[in-house]
Amino acid sequence: MESVETIPLLDLRYQADSFSAGAMEMMAPTVTRHGIDAAEAEAWTADLRSRTGEGEYFFSVNRYLFRARRPA
């Protein structure tokens, strides 16, 4: 491996076109397949969508970029 970089993603308020909004929309149906009630999952996403004020929302994920070369 030649190098590795961290590419952080940080959302401090809910925005419908953000990465975290997309992730949230994928998570809600997934958790219902694992025993979480659909109404509870929808209440969770509705609560997060309502958090648009300063300090009400936090989402962070690190992505990693690895650079490598094939051996000669």
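Every number here is computed from the coordinates shown, using simple stated rules; none is lab data. This is a predicted model, so every value here is computed, not measured. Backbone-built Cβ (ideal geometry, glycine too); neighbour counts: all protein chains shown.
Taking region 44-72 as the search range and keeping residues that are in a helix (DSSP H, G or I) and touching a residue at least 12 places away in the same chain (Cβ under 8 Å), which one is surrounded by the most Cβ atoms within 10 Å (Cβ to Cβ)? My answer is Leu48. Listed by first and then second residue, the pairs with beta-carbon distance under 7 Å, at least 6 apart or on different chains, first residue in region 27-43 and under 18 Å from Phe59 (Cβ atoms), second among the charged types (D, E, K, R), are Ala28/Glu42. Being assigned to a strand (DSSP E or B), among the small types (Gly, Ala, Ser) and in contact with a strand residue (DSSP E or B) (Cβ under 9 Å, 6 or more places away or on another chain) is a description that does not apply to Ser20.
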